[in-house]
Every structure is written in C-alpha cells, then in structure tokens.
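For reference, the structure is listed below as structure tokens.
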Amino acid sequence: MQLTTIVLLVVLVLMVIYAVSIYNRLVALKNRYQNAFAQIEVQLKRRYDLIPNLVETARAYMAHERDTLTAVIEARNVALSGLKSAAARPGEPGAMAELAGAEGALGAALGRLNVVMEAYPDLKASDNMRQLSETLISTENRVAFARQAFNDAVMQYNTYKQSFPPVLLAGPLGHSPDAALLEFDDSANIQAAPRINF
C-alpha cells in the first residue's frame, strides 16, 4: 500500500508541475503580445506627434483648406484616444476594434489631405513638407512591422491556449477570452495583389 501511495503522490506532483508549466507558458505568451502592443503604441505615438507638424506646415500654404486640416487633427485626436484605450487593454476585442476604427478614420483624413496637397505644388516642393512626409512614411512602415509582430504574438498565445491540455486550464487560470488581432481597415487592400495598368 505504501508503494501505491508513493506512486499516487509522484503522479500528483508531476501533474502539478505540468499545470504550473502550462500557466507559466500562458503568462509568457501573454506578456509577449502585450510587449508587442507596446511597440505599436510607440510607433503610433510617433505618428500622432508628426501629424500636427504636417498640418502646421500645410496650413501656411493652404489657408482656405481649413476644414481638411481640422478633420486631420480631429481624427488624430480620436486615434490617440483609441490608442490610450487599447494600451490599457491590449488584445481585448473591443479595444482593438476601437483602435482599428480610429486608425481607419485617420487614414481617410490623411488621404483627403494628400489629395488636397496635390493642388499646391509649392507645398509639395517644400523641404520641410518633404521631410515630414518621408518621416511619416517611415513611421507607417514601422507601424506595419510592429502590428505584424503583435498579431504574430497574439496568434501564438491563442493557439497555445486553445490546444490540449492548456485549453482545460486556461479559463480557470484567468486566461480567457482569446486576445484579438489588430486589423486596420486597409488589411484587405494590403493583402490584395497590386494592379498595374499600362
């Protein structure tokens, strides 16, 4: 009987060790995607800081385009608010959707600004505007890379959490619901093959 008790204790200890390793892996994966979101936050803040400079530079050339410039600043402020909300709850579906929507509105406002700027050759030729535009494009690329890293980390977390046996322990250990990907409105456009017309 003592051998049976010892075997049961050994099995119980191994099960506890395995459960602890699952918990630790869930925590590590969650921390990884939260850190990846922090990288998105850094790049988006950089982008949001550049936008007022872009608008101020454009304002000198486009005095009668006040509505367009105001729309860009308002969209930037909404996106900044969405970022703060998402940073408080990275991976939470509602927060990711709010940020994605705000980014879509900001992208649309910046697109309208670019269309309007086409009518001002002096503005396009401005060194300051060119430098700001290049920095903004560089930042957009950084945001895209950071978003990809975040989405990859979320996918790893969700995949591990949904696999067996972690799926049995994830909920009781405080790891539910699944983390949400950060998908902007332009995701379909990014994934579509480019069209070239001659």
Amide H within-cut-off set for A180, under 5 Å, with H built and near neighbours excluded: G91, E92
Selection from L83, T68, N141 lying farthest towards where the dipole of the range 60-165 points positive, charges on Cβ: L83
With Cα atoms, 0 to 90° folded angle of helix 93-117 axis to the chain main axis: 20 degrees
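Given a Förster distance of 45 Å, report the FRET efficiency between Q148 and Q2 from their Cβ-Cβ distance, rounded to the nearest 0.05. Could you put the intermediate results ahead of the total?
On the way: r = 57 Å, r/R0 = 1.26.
So the FRET efficiency works out to roughly 0.20.
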For the range 1-81, alpha-carbon Rg over 2.2 N^0.38 Å: 2.38
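In debye to the nearest 20, how big a dipole does the chain give about its Cα centre with +1 on each Lys and Arg Cβ and -1 on each Asp and Glu Cβ?
My answer is approximately 560 debye.
Compute, for the range 19-106, the length of the dipole vector about the Cα centre, with Cβ point charges of +1 (Lys, Arg) and -1 (Asp, Glu) only. Units Debye, rounded to 20.
Working: 11 positive and 9 negative charges, 92 e Å.
Using only the charged Cβ atoms, the result is roughly 440 debye.
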Estimated FRET transfer efficiency when R0 is 45 angstrom, pair A119-A38 (beta carbons, to 0.05): 0.70
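Over the Cα atoms of the chain, compute the convex hull volume and normalise it per residue, giving Å³.
Numbers: hull volume 25.7 nm³, N = 198.
In the chain, the Cα convex hull volume per residue is 130 Å³.
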Whole-number percent relative contact order across the range 39-173, with pairs defined as alpha carbons under 8 Å at least 6 apart: 32 percent
Efficiency of FRET from Cβ geometry, E92 and R25, R₀ 30 Å, rounded to 0.05: 0.90
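Values in this text are rule-based calculations from the coordinates and carry no lab data. Note that the coordinates shown come from a computational prediction; the quantities given were computed from them, not determined experimentally. When we count neighbours, we look across all protein chains shown, and the Cβ atoms used for this are built from the backbone with ideal geometry, even at glycine.
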